[in-house]
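Take a look at the structure set out below.
The values are calculated or read from the model by the stated rules, or taken from the named source; none is laboratory data. Source: prediction; values computed, not measured. Neighbour counts run over all protein chains shown; Cβ positions are idealised from the backbone, glycine included. Just so you know, the surface numbers come from the protein's heavy atoms only, side chains and all, with ligands and any DNA or RNA stripped out. Shrake-Rupley method; radii C 1.70, N 1.55, O 1.52, S 1.80 Å.
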Amino acid sequence: MQKIQSITLRNFKFFYGTETEQEQNKIELNQNNLLLYGENGSGKSSIYWALYTFLQSCLKTDKQITKYFNPTDPQNLRNRFADDADDSAIVLEIVSPTGTITKEISNKKLETNKTTDTTVNKIIAGSDFINYKYLSKLYDFRNSEEIDLFPMFEQEVLMFLDFEESYTDNSGNLSSSTLASDWWQFICEAPSTLPKNRTNINTQNQGSEEYKKYTEVTIPKFIRLLKSFLKSITSKANKYLKDEFNEIFEVDFDVNSIKCEYNKKLSTRTRDGKVHFPKIPLKIKFNHDRLTDDKQGIGKPHTFLNEARLTAIALAIRLAMLDERLYDVNSASLLVLDDLLLSLDMSHRDKVLDIILKKVDEYQILILTHDRAFYNLCKRRIEHRVKPTDTYQWEFKEMYQSTVKDSDIPCPFMPKNENYLDLAKKYLYEFDYPACANYLRNESERILRDILPLNKTIGSDLDKGSQKLLLNALINKFEEYCTSISFDFTPFEKLKE
C-alpha cells in the first residue's frame, strides 16, 4: 500500500515561504497517521485544503489548476504576503514498495492531470475528505424547505463516486473516466455541442441521434446509477445509526422521486433548453413504539431533530459512502477529517472516534482539530489502542500561530516535543507561563552545558557525590569562564533575572 511520507506547502494559504526558509512548511508524516491540534488561525485548515486541492487537480484542466497559484486570479490560494514572483506549490511525497514518488502542483509545475496521472487518480478514487461544513450542509435549510442533498453531492461526493461505467459523448466516444463527477459535468456541458436546427440555430435538433442518446440514454443512465448508489448506502447508513449510534431513526432518500430532465416544454412550440438538476430528498423514519406508522415519518428532519442527531445522521451517510468505496490495496487511500465532530456531544464523539480508528487498516488517517479536549481524548484513545508492533503508527503534532523571524508576517509554528525551546514557545502560546518558564530554564541549562567545559558543569557534594549544576550555578560558572578568557559578559548580566 502506498503512504504519504510528507506534505510540503510553499506560499500556500497560511503557509508563508518555502520549506528551506520555514521548516514547518514540510510536514513529515513518515507514512503514519496524523492527529493534529491547531489553534484557531494557526493554518490547520490550510493542510486540509492543500490535500483536497492537490487530489482534485487530477479532475481538472491545467487552466483550472493554475488559477490557484496565479497571483492575478481572484480565486488564487497563494499566501498574501508572498511576492508575485515567488513559487507557490503543494508537494506530496508518496512512498510505495517500489520507491518514493514526488508529485507537485504549482505556478511553475503541473504533475497531475486527469488523463495521464494514474497515481493521483487512484488516490482520489480511494480517499475522502470530511469537515464540519459538509456535515452542516445536511440540515442547513429553512423550516419551509425540504432537504435536497444533490447540491451537497455535486460539491462534495460525486468526485469520489466511481460508477464503474463510461458514458458516451456526443461524438460517440466512450469516456476515459467513470467518476460520477465527470458524468455530471458532461450532462451539464453537452447541450452546447448538440446538433442545431437548420431553421433555428438557437434550438437543438430533437430528431438527431445525439439528442436522443443524450436525453434517452445518458441522462436516464446517470439517474439509474445514482439511484443504485443511494440504495446501496441506505442500508449501510441505517446499520451505522442502529449499531454504532444506538439511534432509532432510519434514513430514506426516496429514490423513486429522483429525476433529471433536459429541455422542458414551455409551450406547444418552445422549450427552455436547460438541464433541470435532480433533487435528492432526505426523509427520516422515527421507529418509536409509541408512534403509529403515520406519525413515524419525518419529512423535514431539520425541523424535528437537534444538531447532534442531525450530525450523527450525516456521519452515518458519509461512513456508508466510505464503505462503498473501491479499495485498492496498492494505492494510497486518505481519510482526512477536519474538525469533524464539533456538533456532536461527547457520547457521540466517543462512538465516532471508535468507528474511525477501526479504519486504520484501509486508510492513512489525518485527524485535524482545534478542540483541545477532543485532541486529548483522541490521543489517549490512540495510545491505548495502538501497540508498538502494529503496522500503522501515529504522529501527534500541535500547531500555533507565530510570526516569521525578524518580521510580523504570520505563519504556523509546530513545536518539536523533544526541543525545550519549542516546548517553551508552545506553552507561551497556550498562556501557560509557569510551564513556559520551566522549559526556558531547561533550554538555558542545555545551552550553558554545551558552551562550558565539562568540568565546569558538574559540582560535587559530600553526601550526594558529583551532580550536574543547575541554572544559577551554571550562570556563575559562565561568568567566571568569560572573565578567564577575556570574553565580554555584559550582554548576559540579566540572565539570572
Q) In this structure, does E324 turn out to be free of Cβ contacts under 8 Å to residues at least 60 places away in the same chain, closer than 24 Å to E156 by Cα and touching a Ser or Thr at 6+ places or on another chain (Cβ under 9 Å)? A) no
Q: State whether one or more residues within region 213-232 are at pLDDT 90 or above, touching a helix residue (DSSP H, G or I) at 6+ places or on another chain (Cβ under 7 Å), under 21 Å from G172 (Cβ atoms) and not in a helix (DSSP H, G or I).
A: no
Q: Only residues in region 192-221 that are open to solvent by 60 Å² or more (accessible area, probe 1.4 Å) count as the first member; pair them with residues that are of a type in the set (V, I, T) and not in a loop (DSSP other than H, G, I, E, B), Cβ under 7 angstrom, at least 6 apart or cross-chain, and list the lot.
A: K213/T168
Q | Looking only at region 125-145, and only at residues there that are hydrophobic (A, V, I, L, M, F, W, C) and over 13 Å from I365 (Cα atoms), the one that is surrounded by the most Cβ atoms within 10 Å (Cβ to Cβ) | A | L135
(Q) Can you pull out every residue in region 275-302 that is farther than 16 Å from A237 by Cα and aromatic (F, W, Y)? (A) F277
Q. Is it the case that K379 is assigned to a loop (DSSP other than H, G, I, E, B), over 27 Å from L179 (Cα atoms) and of a type in the set (K, R)?
A. no
Q: Residues being β-branched (V, I, T) and in a strand (DSSP E or B): count how many of those fall in region 262-303.
A: 3
Q | Conditions (1) assigned to a loop (DSSP other than H, G, I, E, B); (2) surrounded by fewer than 21 Cβ atoms within 10 Å (Cβ to Cβ); (3) in contact with a strand residue (DSSP E or B) (Cβ under 7 Å, 6 or more places away or on another chain); number of the one not met by Q75 | A | (3)
Q. Restricting the search to region 406-419, which residues are crowded, with 18+ Cβ neighbours inside 10 Å and without any contact (Cβ under 8 Å) to a residue 60 or more places away in the chain?
A. P415
**Q.** Matching option when the condition is within 26 Å of M159 (Cβ to Cβ), modelled with pLDDT of 90 or more and of a type in the set (V, I, T), among I65, I47
**A.** I47
Q) When region 305-357 is examined, which residues are found to be surrounded by fewer than 17 Cβ atoms within 10 Å (Cβ to Cβ), under 20 Å from R380 (Cα atoms) and among the acidic types (D, E)? A) D345, D350, D354
Q | Unique residue being among the acidic types (D, E), farther than 30 Å from K259 by Cβ and modelled with pLDDT of 80 or more when the list is D86, D140, D162 | A | D86
